[in-house]
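The values are calculated or read from the model by the stated rules, or taken from the named source; none is laboratory data. Keep in mind that this is a model prediction, so the values were computed, not measured. Here Cβ is always computed from backbone atoms with ideal geometry, including for glycine, and neighbour counts include all displayed protein chains. Quick note on the areas: whole protein, heavy atoms, side chains included, nothing else; ligands and nucleic acids left out. Shrake-Rupley method; radii C 1.70, N 1.55, O 1.52, S 1.80 Å.
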Amino acid sequence: MEMGSPMVCMYLLGHPDHYKSHEFALFYWQSYVREARKFWHEEDAHCEMMAPDKVALIKRYGRIVGLSPVYDYIYRPVELLDMCLYDWIQRCRRVK
């Protein structure tokens, strides 16, 4: 892999390799679509070809807790029930 001298200099000096005016949130659409399809297509819920949901497991206060952005949206607080998925992804962040 070849890199140009300006790119190497930027890297060595600790400068970013690109600039942007907006922050973008990572969003994996497929997991939300899969969860929504379960409601209308029950046969898809048990299909072996569909990838299983990915859940991060953490240990907190001696208990194991599963973290999933899909379930964060599904079980969001009552105050945020009027918020659509787009706004949820754009505005909400999980914090420790």
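In segment 79-96, how many are charged (D, E, K, R) and assigned to a loop (DSSP other than H, G, I, E, B)?
4
Go through (1) modelled with pLDDT of 80 or more; (2) of a type in the set (Asp, Glu); (3) surrounded by 11 or more Cβ atoms within 10 Å (Cβ to Cβ) and name the single condition Asp44 misses.
(1)
Of the residues that sit in segment 56-78 and are part of a helix (DSSP H, G or I) and of a type in the set (A, V, I, L, M, F, W, C), which one is modelled with the highest pLDDT?
Val78
Mind checking which residues of segment 1-39 are over 25 Å from Val55 (Cβ atoms), assigned to a helix (DSSP H, G or I) and hydrophobic (A, V, I, L, M, F, W, C)?
Within segment 1-39, Met7, Val8, Cys9, Met10, Leu12, Leu13 meet the criteria.
When you scan segment 1-41, how many residues do you find that are within 18 Å of the chain's Cα centre (by Cα) and open to solvent by 100 Å² or more (accessible area, probe 1.4 Å)?
The qualifying residues number 7.
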